[in-house]
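Nothing in this text is a laboratory measurement; each read-out follows from the coordinates by a stated rule. What you see is a predicted model, and the numbers here were worked out from it, not measured in a lab. Every residue, glycine as well, gets a Cβ built from its backbone with ideal geometry; the counts of neighbours run over all protein chains shown.
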Amino acid sequence: MSKKLVIFDLDGTLLNTIGDLAVCCNHMLSKRGLAEHSYDDYCHFVGNGITRLVERALPENLRTPEYIAEARKDFVEYYTENIDRHTVAYEGVYTLLERLTAAGATLAVASNKFHAGTNKLINKFFGDFQFAAIYGNRDGFPLKPDAALLHLIMEQCGATAECSYMVGDSAVDIQTAKGAGVHSIGVTWGFRSVEELIESGADVIANTTDEVFDAIYG
């Protein structure tokens, strides 16, 4: 049996990034004289990449490809400089990564956040851990729930689907896992509801990081 591979989503799974996403997206909206949104609104806007986040934040009458592209550029520019002002790791995450490392697991990240932002956050918050692969959204690869990124990570790490796990907080992550044929673990501390995780067919629902570890090595 090959070594276990644990692939983490980033936003809502390893890190609570919603504060910075909300502040920076509202900055973009305010700059354009548009209405801002609440924290709860952004919990529903995120999960499908920056372009979709910006599109959902804009009024419907402004959701043209040209306007979305301009607004996205403003958002990314400001967010890149202010990406870690309010972001924090979720309780128990550092201990979970330590336990997985000690158990011999290979760690990886597959996020729909733009690639540079994903790397910046992982390096800042988890620089002491060894990740075999860190991938955010980048040219040439479709966003989750397309399973292409998971297939790339498994190939790069020499892991089989049978011994691979996707850990995430949304239906997008569960659907990605199913598309790749890997085990899916839905965590309840993120941005989406338990009901969403259940309806998407998560193999395991984890309320704590200990339950994530037990789902892999229990």
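Among 186, 47, 33, which one moves the most in a GNM of the chain with springs linking Cα atoms closer than 10 Å?
Highest fluctuation of the listed residues: 33.
For residue 62 and residue 115 in the same chain, what is the full-extension length gain: residue separation times 0.36 nm, less their Cα-Cα distance, in nm?
That pair, residue 62 and residue 115, stretches by 16.4 nm at full extension.
Out of 87, 95, 118, any idea which swings most in a Gaussian network model of the chain, alpha carbons joined below 10 Å?
It is 95.
Let me know the shape class of segment 18-81, please: from the alpha-carbon gyration tensor, a ≥ b ≥ c as square roots of the eigenvalues, rounded when a/c is under 1.5, otherwise prolate if a/b is greater than b/c, or oblate. Please list the in-between numbers first.
Working: a/c = 1.30, a/b = 1.19, b/c = 1.10.
Verdict is rounded for segment 18-81.
Only sites in a loop by DSSP and with at most 13 other Cβ atoms within 10 Å count here; which trypsin sites (Lys or Arg not before Pro) in segment 129-218 make the cut?
Values: sites: 138, 178, 192; in loops: 138, 192.
When the trypsin sites (Lys or Arg not before Pro) of segment 129-218 are filtered for loop state and at most 13 Cβ neighbours within 10 Å, 138 remain.
Taking 0.36 nm per residue of sequence separation and subtracting the Cα-Cα distance, how much length would be gained by fully extending the chain between residue 44 and residue 86, in nm to one decimal? The partial results should precede the final answer.
Details: separation 42, 0.36 × 42 = 15.12 nm, distance 1.84 nm.
Here the answer is 13.3 nm.
Pull up all non-local amide H partners of residue 164: gap of 5 or more, or a different chain, and H-to-H distance under 5 Å with H placed in the peptide plane.
Under 5 Å from the amide H of residue 164 lie the amide H atoms of 5, 183, each far enough along the sequence or on another chain.
Among the trypsin sites (Lys or Arg not before Pro) in segment 1-55, which ones are in a DSSP loop with at most 16 other Cβ atoms within 10 Å of the Cβ? Mind listing them? Write down the numbers at each step before the final one.
On the way: sites: 3, 4, 31, 32, 52; in loops: 3, 4, 32.
For trypsin sites (Lys or Arg not before Pro) across segment 1-55 that sit outside H, G, I, E and B with at most 16 neighbouring Cβ atoms in 10 Å, the list reads 3, 32.
Could you tell me which GluC sites (Glu not before Pro) in segment 44-121 are loop residues by DSSP with no more than 14 other beta carbons within 10 angstrom of their beta carbon? Display every interim value, and only then the final one.
On the way: sites: 55, 60, 66, 70, 77, 81, 91, 98; in loops: 91.
Filter output for segment 44-121: 91.
Divide by every residue of the chain the summed helix terms, -39500 (n - 2.57) for each DSSP H run of at least 4, and state the resulting mean residue ellipticity at 222 nm, rounded to the nearest 500 deg cm²/dmol.
Numbers: 10 runs with 104 residues, N = 218.
Helices in the chain give a 222 nm mean residue ellipticity of -14000 deg cm²/dmol.
Find the centroid of the Cα atoms in segment 19-35 and in segment 183-197, then give the distance between the two in whole Å.
Taking the Cα centre of segment 183-197 as reference, the centre of segment 19-35 is 27 Å away.
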